[in-house]
Amino acid sequence: MTHPEASVATTAAAPALLRIQDLHKAFQTVEVLKGVDVTLARGDVVTIIGSSGSGKTTLLRCVNLLEEFQRGRIEIDGQAIGYREQGGRRVPCTGAEVARHRALTGMAFQQFNLFPHLTALRNVTLGLIKVRKLARDEAVAIAEKWLDRVGMLERRNHYPGQLSGGQQQRVAIARAVAMTPRLMLFDEVTSALDPELVNEVLSVVQGLAQDGMTMLLVTHEMRFAYEVSDRIIFMNQGRIEEEGPPADLFNQPKSLRLKEFLKTIKI
Amino acid sequence: MTYHFDFAVVWRHENLLLSGLGLGLVLALVSILIGCIIGLAAAFGVLSRHRIFRIIATVYVTTIRNTPILVLILLTYFALPELGLRLGKIQSFIITLSVYAGAYLTEVFRAGLVAIPRGLREAGLAIGLTEGQIRRSVIIPVMIRNVLPSLGNNFISLFKDTSLAAAIAVPELTFYARKINVESFRVIETWMVASLMYVVACLIISTALRFVERRLAIIR
Ligand SMILES: Nc1ncnc2c1ncn2[C@@H]1O[C@H](COP(=O)(O)OP(=O)(O)O)[C@@H](O)[C@H]1O
Ligand SMILES: [Mg+2]
């Protein structure tokens with residue numbers, strides 16, 4: 001990659017790929033994230049677990065700048081995103097800067113959110129053409145490579161409405177990774193799927209992890225989290241309650257809340 | 001006494017009637033195209049974060065929808081020249097019909113925009129598209145496809161409204177029918193022929209529109 005800021009950043013003692021510091025986020029007066037710190041090195045696969053409403057989605061959305069946040073800092077490759085200092089004040093970045101920051105991360109959503117009027121192929125090429133400014137045939141070549149990766153090449157000319165949930169989610173993942181993000185965010189990508197379609201999506205995610213993609217995931221598939229993650233983060237009421245390797249967290253939980261949470265879910 | 005129908009007297013002017021019908025179709029087509037642009041802008045205005053845009057769009061829609069179209073036609077035709085804008089009858093009518101269509105399409109588009117799932121915009125943002133790119137490449141194309149049936153109905157309404165252009169002597173079907181009526185004294189035949197031509201044209205248009213809708217509709 002030829003981003004100038006990346007080459008500068010990587011010379012400085014290999015900084016973290018993602019660094020979240022003291023992140024605070026409130027919806028009106030309700031504080032949803034109450035000081036969250038997360039650091040991912042390049043190639044890390046980290047899974048966030050926690051009960052519904054604990055702030056997992058909000059955290060991912062902040063990293064992708066789909067939500068504003070009131071306090072704290074998010075850096076990708078040493079570059080602060082979303083806000084910058086100006087005369088000692090914290091000001092939101094402009095629309096174009098924000099779009100550029102967002103392009104550093106890719107996101108896959110629970111509801112897939114494919115563009116319904118475009119075929120699988122055009123869903124993937126849209127960003128390549130409009131954001132990366134590639135020529136059409138170049139974009140098509142890249143899109144086909146990724147659709148092949150997720151096992152959807154044969155159905156590249158199908159519309160989302162003609163695909164099963166699992167197939168749609170795989171296209172959505174291809175659409176995100178084709179943009180070569182430095183970090184992928186997965187928010188409960190199998191929660192909207194029928195049980196028999198879960199595995200086809202999880203194996204795509206696992207394949208990306210094995211290829212060294214840095215990712216931050218939210219999932220309720222605990223067995224999968226155990227297998228794929230370098231670290232697990234347990235969130236509770238807007239805070240990180242416990243963090244560590246999967247074996248430690250699942251087998252020797254320290255906090256009472258995590259013990260209770262693990263009891264409520266089946267592994 | 002029995003009335004002897006004589007359609008030949010009317011249909012002798014076949015050329016005039018058909019050219020009038022054709023002009024009506026062109027007027028409706030041009031007006032709905034311009035109306036779509038106005039309606040789209042006004043729909044975004046109604047939904048804007050900025051109060052001033054909301055006010056402008058709302059005043060426009062409310063005013064136009066609460067004024068009879070014949071009044072709008074006459075107002076445009078007689079008032080614009082007073083303001084120094086010299087326009088032909090046809091241009092003047094197209095302006096009126098476009099502005100009129102725009103006001104109705106604003107509501108169609110507004111409802112269509114509101115119905116677009118929030119996730120589509122966020123998926124666009126997530127791959128780095130700007131708000132403008134998302135609007136052009138995702139939101140508007142999806143919305144237009146969803147509102148195609150309404151657009152079609154509006155087009156048929158507009159086509160029928162072109163008969164009012166006769167009021168300012170635009171040579172469309174009603175204008176010629178009135179002329180033939182005056183010359184032939186065949187009141188019933190003339191207006192029956194005119195009605196039938198409108199009906200047939202509308203049926204053909206709606207069949208064609210259903211075909212287009214099916215071609216463009218989002219596959220679900
Ligand atoms: N747009 C919003 N407006 C207000 N409150 C919200 C909004 N989104 C999420 N919340 C609240 O923030 C809290 C955390 O939500 P979320 O991040 O979705 O949790 P999780 O993904 O862990 O289930 C919840 O209490 C939720 O009700
Ligand atoms: Mg969630």
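Arranged from highest to lowest average of other beta-carbon atoms within 10 Å per residue, in what order do the peptides B:18-26, B:180-188 appear?
B:18-26, B:180-188
Treating cross-link reach as a plain straight distance, find the lysines whose alpha-carbon is under 24 Å from the alpha-carbon of A:Lys133, omitting any fewer than eight places away in the same chain.
A:Lys145
Leaving ligands, DNA and RNA out of it, rank B:Trp191, B:Trp11, A:Trp146 by accessible area with a 1.4 Å probe, largest first.
From most exposed to least exposed: B:Trp11, B:Trp191, A:Trp146.
Compute the length gained on full extension between B:Leu83 and B:Leu16: take 0.36 nm times their separation in residues and subtract their Cα-Cα distance, giving the result in nm to one decimal.
20.7 nm
For chain A, what is the convex hull volume of the alpha-carbon atoms per residue, in Å³?
Enclosed volume per residue, from the Cα hull, is 144 Å³.
Could you give the nm distance between label points at B:Ile188 and A:Ala41, where each point is 7 Å from its Cα heading toward the beta carbon?
With each label point 7 Å from Cα toward Cβ, the separation is 9.7 nm.
Full-extension gain between B:Ile37 and B:Val199, please, as 0.36 nm times their residue separation minus the C-alpha to C-alpha distance.
Gain on stretching B:Ile37 to B:Val199: 55.5 nm.
As a test of the formula, what do you get for the protein assembly as shown when each DSSP H run with n ≥ 4 contributes -39,500 (n - 2.57) and the sum is divided by the residue count, at 222 nm and rounded to the nearest 500 deg cm²/dmol?
Theoretical 222 nm ellipticity from helices: -17000 deg cm²/dmol.
Can you give the charge dipole size of the range B:24-216 about its Cα centre, rounded to the nearest 20 debye, using +1 on the beta carbon of Lys and Arg and -1 on the beta carbon of Asp and Glu?
Using only the charged Cβ atoms, the result is roughly 500 debye.
For peptide A:106-116, what's the mean number of Cβ atoms from other chains within 10 Å of each residue's Cβ?
5
What is the spin-label model distance, in nm, from A:Glu260 to B:Val59 if the labels are put 7 Å beyond Cα along the C-beta direction?
5.8 nm
With an 8 Å Cα cut-off and a minimum separation of 6 or more residues, compute the relative contact order for the range B:24-216 in percent.
After rounding, I find 26 percent.
With solvent modelled as a 1.4 Å probe, how much accessible area in total do chains A and B shield from it at their shared surface, in Å² to the nearest 100?
About 1900 Å² of accessible surface is lost on pairing.
Of the listed peptides B:84-90, B:135-141, what is their order by residue-averaged count of other C-beta atoms within 10 Å, with the highest listed first?
So the order, starting with the most tightly packed, is B:135-141, B:84-90.
Using a 1.4 angstrom probe with every protein chain in place, what is the largest-first accessible-area order of B:Leu33, A:Leu262?
Result of the area sort, largest leading: B:Leu33, A:Leu262.
Quick one: if the Förster radius is 22 Å, what FRET efficiency do B:Val26 and B:Arg215 give, using the C-beta to C-beta distance and rounding to 0.05?
Once rounded, the FRET efficiency stands at 0.45.
For A:129-136, what's the mean count of beta carbons from other chains sitting within 10 Å of each residue's beta carbon?
Rounded to a whole number, the mean comes out at 2.
Accessible area per residue, 1.4 Å probe, Å², for the range B:24-216: what's the number?
51 Å²
Taking only Cα atoms and a 10 Å spring cutoff, compute GNM fluctuations for chain B and point out the largest among B:Ala126, B:Ala167, B:Ala111.
B:Ala126
Provide the packing ranking of B:193-201, A:111-119, i.e. peptides ordered by the mean count of other C-beta atoms within 10 Å per residue, highest first.
A:111-119, B:193-201
If the cut-off is a Cα-Cα distance under 13 Å, which aspartates and glutamates reach A:Lys130, setting aside same-chain residues fewer than 8 apart in sequence?
A:Glu138, B:Glu131
Using a 1.4 Å probe on the protein chains only, how many percent of the accessible area of the protein assembly as shown belongs to carbon and sulfur?
Carbon and sulfur: 57 percent of the exposed surface of the protein assembly as shown.
Compute the accessible area of each residue in the range B:89-132 twice, once for its chain alone and once with every protein chain present, using a 1.4 Å probe on heavy atoms, and list those whose area falls by at least 10 Å².
When all protein chains are present, B:Arg118, B:Gly119, B:Leu120, B:Glu122, B:Ala123, B:Leu125, B:Ala126, B:Ile127, B:Gly128, B:Leu129, B:Thr130 each give up 10 Å² or more of accessible surface.
When the Karplus curve 6.51 cos²θ - 1.76 cosθ + 1.60 is applied with θ = phi - 60°, which whole-Hz ³J(HN,Hα) does each residue of the range B:178-188 get, with x for Gly and Pro?
Working through the residues one at a time gives 5, 5, 4, 4, 5, 7, 9, 6, 9, 4, 5 Hz.
Quick one: accessible area per residue over chain A, 1.4 Å probe, rounded to a whole number of Å²?
46 Å²
Does the range B:24-216 come out rounded, prolate or oblate, given a ≥ b ≥ c as the square roots of the eigenvalues of its C-alpha gyration tensor, rounded meaning a/c under 1.5 and, failing that, prolate meaning a/b above b/c?
Note, shape of the range B:24-216 comes out oblate.
The values are calculated or read from the model by the stated rules, or taken from the named source; none is laboratory data. Predicted model only: the values in this text are computed from it and were never measured. Cβ sites come from the backbone with ideal geometry, for glycine too, and all protein chains shown count toward neighbours. Just so you know, the surface numbers come from the protein's heavy atoms only, side chains and all, with ligands and any DNA or RNA stripped out. Shrake-Rupley method; radii C 1.70, N 1.55, O 1.52, S 1.80 Å.
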